[in-house]
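The block underneath contains the structure these notes are about, expressed in structure tokens.
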Amino acid sequence: MRNLGWCILGVLAVALRQPGGAQVIPFKSALEWVRALVDFYMMVQYRSHTSDTIAYTEDYLNQFHKLKDIFLEFQVTKRTQAKVDKQRKEIRCHRTLVIERLAPSLRRQMRDDNRQEANDLWLNLVYGESHFNIIKMHLLSNLYDHIGQFGNIPMYSTEIGELAHRTQIKDGWHQSNKNDAVCQIVHSYSRQNAIRMRLLNLESVKYRDADLAGDLLHHLDRTASTLTAAVLVVPRRVVNRCREDVSNVVDFSRISRVSMEIIYCELIRYSRYNLPAAHGLPEDHSIIRSLPVELLTQLEIPVLAFQEADVYQIDHVQSTVNNLHFRNQCSCNDWVWVQAGMEEMYAALSGRLLAKLVALLKIRD
């Protein structure tokens, strides 16, 4: 949920950026509702609270309840849906008898009127019987009293228990032979935990440069190699699909339609703050103009899978710059999250901002 809260508002803002005439007000209400929900969720994640933060949280919750009716049509119960189906069936049977007596030229108009009438009746029935009177909505109103009595909410998070359930129970079940699996799971986890503690103790002894016997040092060397092999290797980002019509910075400026001054400033800024001094880019504009450049159209980014410690998913990010022939449509420039500052910046975004990928380039030595 925390990962979803970081990006859902930006994703919806992009998805609903071009509403139709009748969709402007519903889309705006939906975005305001999601913003209020995300703000409320982020506020309750604070490690400490004051009267001001409690007031902010209450305002966000009131805004959430004020706009939640926009999603009533998705809160339809089975009983309400059965009434809707019965009503539509009765209307269809009655209209069929009426349409048969009409001339062919009037039947189409009659069908359109019937469709609109059925849609209005469905909306009235849905908004009349659907509601958010459920226990989860009621529990939110008691949040302020709980914070005052028991402290901040994150200390009662169930994420640790959920992760432990997966690593200790689910993985152990799949590794067992399903015969008296409980005992096998307990014994397997106990052995793994004891081995981890043993390896940590041996590693600590080695780093203290203690005077140890030769056979123990040999054992420690083997342990070190085991630990090195067990270190998680994060996959690197891979760029591919190189374009052949770009060979230097000048060509890149022409293709991407970005001015040379902006390219100079951005490359120098990136070099100063992200590259070591020994591998920094020259700040002379004449040298930067002649740097060999490869323009690529796709980047493979490894993303840590949800609730996983060593499993990565590969996300493909594309940028065709101004290629107007990408699948017979306009250029494809994906939206990405970029690290624009320190983790303390931009509140819950942790220094990340949503940006549109203009181009992917690689500067060769």
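We did not get these values from a lab; they are worked out from the coordinates using the rules stated. Since this is a predicted model, take the numbers as computed values, not measurements. Neighbour counts run over all protein chains shown; Cβ positions are idealised from the backbone, glycine included.
Bridging of residue 78 to aspartates and glutamates at a Cα separation below 13 Å is possible for 129, once same-chain residues fewer than 8 apart are set aside. Greater than 29 Å separation of Cα atoms is the criterion. Which listed pairs, 83/136; 28/136; 28/89, meet it? In this structure, 28/89 exceed 29 Å between Cα atoms. Using the Cβ-Cβ distance between residue 259 and residue 318 with R0 set to 30 Å, the FRET efficiency from 1/(1 + (r/R0)^6) comes to roughly 0.80. With each label modelled as a point 7 angstrom along the Cα→C-beta vector, the residue 197-residue 150 pair spans 3.1 nm. Listed by chain and number, the lysines whose C-alpha is less than 24 Å from the C-alpha of residue 178, apart from same-chain residues fewer than 8 away, are 170.
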